[in-house]
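What follows is a single structure, written as structure tokens, with notes after it.
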Amino acid sequence: MVRPVPSKTRSTRRAKAGRNRTIMTTALAEPRGARATEEISLATALSTRPRRSWTNILFIAAAHLAAAYAIVHICVFHVSWWTVGLAVLWYALCGFAITGGYHRLFSHRSHSAHFLVRLFHLLFGAASVQNSALKWSSDHRVHHSKTDEDEDPYSVMHGFWWAHIGWIFFTDSRARRDNVKDLQRDPLVRFQDRFYIPLAILFGVVVPTAIGFAWGDPLGALLVAGFLRLVVQWHATFSVNSVAHTIGSRPYSTDISARDSFWTALITMGEGYHNFHHRFQADYRNGIRWWQFDPTKWAIRSLSFVGLTRDLRRTPKAAIGRARASVAAIR
């Protein structure tokens, strides 16, 4: 005899319904939690994602247009040789302020400098319009500590043009200053950081234009010593982040993209021996051989003879030899 299946009682149905409601509630709660986590992650990503800096984009575009017109001005109108000489002089002064000042002095503390030398670097560094020494050094220290990684602000791993100029078109919300506390103790550095824009206008535009009045060519001085000089200097500096991480040899370390190249050194006042520099960043030299083109090294060394620079840091020859030997061993 087949026993009939008992019919469901009201209590059984209520219990099952309760279980179903629990299962449905759990099933529905989990996606909401996942979605909330996803939304938080997205919000975090959006808050840390670099955003376009229209101020930088528009200013750099305008400077390039002014530099292009400067070339037309030179070709079509008369430009005094004094104006050309002023542009060359301003390029050298501003260039040394970046390579010897912003880079080797402030970013890497490869030597110490007299008050007047620091002041020079900060004034002509402002004229180079590459941000204040404080911000420049902070970015550069991150570049060295996170070379070729996502945190590297101008990593060549994101592409040649990103490393060269693209990164400047964005504002990185991860920008920090806790890695330049030593520089914040210098009142001159704090002063330049606070008044960076007025100083950039004064020494990058007003002063060379005013000097041009001496021979009756203020417009030429503004265009050639101001904007054409500025754009050429920009691309020279930018090439250290792009070309020096792409072209050349790696005799001291193959773990990073930085490379040594005479040609890059030629256009960057000696900054092209970049593989050595990344391996031994505290050294005041980039080109360690006497014949390597490094006018920044020569200038720092020359200033030490008259007491304007001191405590020049040099990597021991034994350490350099070990680095070269370790690279040679894996080739």
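For the range 108-122, give me each residue that is assigned to a loop (DSSP other than H, G, I, E, B) and surrounded by 15 or more Cβ atoms within 10 Å (Cβ to Cβ).
His108, Arg109, Ser110, His111
Which pairs have Cβ atoms under 7 Å, sit 6 or more apart or on different chains, and link a residue in the range 311-331 that is farther than 19 Å from Ser110 by Cβ and among the hydrophobic types (A, V, I, L, M, F, W, C) to one that is at pLDDT below 95 and in a helix (DSSP H, G or I)?
So the pair list comes out empty.
Restricting to the range 126-165, name every residue that is under 29 Å from Trp90 (Cβ atoms) and of a type in the set (Val, Ile, Thr).
Val129, Ile165
Considering (1) within 17 Å of the chain's Cα centre (by Cα); (2) of a type in the set (Val, Ile, Thr); (3) in a helix (DSSP H, G or I), say which one Val72 fails and leave the rest.
(1)
Among the numbered conditions (1) more than 30 Å from Ala258 (Cβ to Cβ); (2) touching a residue at least 60 places away in the same chain (Cβ under 8 Å), tell me where Met157 comes up short.
Condition (1) is where Met157 drops out.
For the range 206-225, enumerate the residues that are outside any helix (DSSP H, G or I) and surrounded by 16 or more Cβ atoms within 10 Å (Cβ to Cβ).
The answer is Asp217, and nothing else.
Going through the range 123-145 one residue at a time, which ones are assigned to a loop (DSSP other than H, G, I, E, B), of a type outside the set (Gly, Ala, Ser) and under 12 Å from the mean Cα position of the chain (by Cα)?
Result: Gln130, Asn131.
Out of everything in the range 169-185 that is without any contact (Cβ under 8 Å) to a residue 24 or more places away in the chain and in a loop (DSSP other than H, G, I, E, B), what residue ends up being surrounded by the fewest Cβ atoms within 10 Å (Cβ to Cβ)?
Out of the qualifying residues, it is Asp178.
Against the conditions (1) free of Cβ contacts under 8 Å to residues at least 40 places away in the same chain; (2) touching a His at 6+ places or on another chain (Cβ under 9 Å); (3) at positive phi, where does Gly166 fall short? Just the number, please.
(3)
For the range 295-321, which residues satisfy the criterion of being closer than 17 Å to Tyr252 by Cβ and either crowded, with 17+ Cβ neighbours inside 10 Å or not charged (D, E, K, R) (or both)?
Result: Lys297, Thr315, Pro316, Ala318, Ala319, Ile320, Gly321.
A quick yes/no check of all residues on (1) under 28 Å from Phe115 (Cα atoms); (2) part of a helix (DSSP H, G or I); (3) modelled with pLDDT under 95:
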site	(1), (2), (3)
Gly270	yes, no, no
Gln281	yes, no, no
Leu312	yes, no, no
Thr315	yes, no, no
Arg322	no, yes, no
Arg331	no, no, yes
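Tally up the residues in the range 280-294 that are among the basic types (Lys, Arg) and either under 13 Å from Thr99 (Cα atoms) or surrounded by 22 or more Cβ atoms within 10 Å (Cβ to Cβ) (or both), please.
The qualifying residues number 1.
Rundown of residues vs (1) touching a residue at least 60 places away in the same chain (Cβ under 8 Å); (2) within 23 Å of Leu123 (Cβ to Cβ); (3) in contact with a Phe, Trp or Tyr (Cβ under 9 Å, 6 or more places away or on another chain), yes/no style:
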{"residue": "Ala200", "(1), (2), (3)": "yes, yes, no"}
{"residue": "Ala210", "(1), (2), (3)": "no, yes, no"}
{"residue": "Ala236", "(1), (2), (3)": "yes, yes, yes"}
{"residue": "Pro251", "(1), (2), (3)": "yes, no, yes"}
{"residue": "Thr254", "(1), (2), (3)": "yes, no, no"}
{"residue": "Ser261", "(1), (2), (3)": "no, no, yes"}
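If Phe203 passes every condition in (1) out of contact with any helix residue (DSSP H, G or I) (no Cβ under 8 Å at 6 or more places or on another chain); (2) assigned to a helix (DSSP H, G or I) but one, which one does it miss?
Of (1) out of contact with any helix residue (DSSP H, G or I) (no Cβ under 8 Å at 6 or more places or on another chain); (2) assigned to a helix (DSSP H, G or I), only one is false for Phe203: (1).
What tally of residues in the range 226-240 results from selecting those that are more than 12 Å from Ala66 (Cβ to Cβ) and crowded, with 24+ Cβ neighbours inside 10 Å?
Number satisfying all stated conditions: 1.
The values are calculated or read from the model by the stated rules, or taken from the named source; none is laboratory data. Just so we're clear, the structure is a prediction, and the values are computed from it rather than from any experiment. Every residue, glycine as well, gets a Cβ built from its backbone with ideal geometry; the counts of neighbours run over all protein chains shown.
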